[in-house]
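Report on the structure given below.
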Amino acid sequence: MKKIISGLFICATLVAFASCKKTKDTLNCTVSLTKLMEAQSAYNQEEGFSAEKCTAYKKALEEVLQASCSGFITDEARQGYESALEELGDCNPR
């Protein structure tokens, strides 16, 4: 399931990068999406659960949703990010 979600996020992120305009918001969007990709990759590569990596991933998702990227991501990507946030919960092992 994580690999499917990861693939969707990567595709959505690439679409977001391609649609960004050259403005200050674009830079912020690029930085936020890069942080998200790095945090997501680290979270998915972790063997076993890591609250630290979960929290970093959750913060990166929140940043993309709340910050300057709101106008640059598709509705599908937004829904995927919101779903991932909900799935992460409070980053406690289950």
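Regarding region 2-11, can at least one residue be identified that is at pLDDT 70 or above, basic (Lys, Arg) and touching a helix residue (DSSP H, G or I) at 6+ places or on another chain (Cβ under 6 Å)? Checked region 2-11: no residue is at pLDDT 70 or above, basic (Lys, Arg) and touching a helix residue (DSSP H, G or I) at 6+ places or on another chain (Cβ under 6 Å). Looking across region 42-80, just one residue is at pLDDT 90 or above and of a type in the set (Phe, Trp, Tyr), and that is Tyr57.
The values are calculated or read from the model by the stated rules, or taken from the named source; none is laboratory data. In this text, all values refer to a predicted model and were calculated from it rather than measured experimentally. Heads up, the Cβs are rebuilt from the backbone with ideal geometry, glycines too, and the neighbour counts pull from every protein chain shown.
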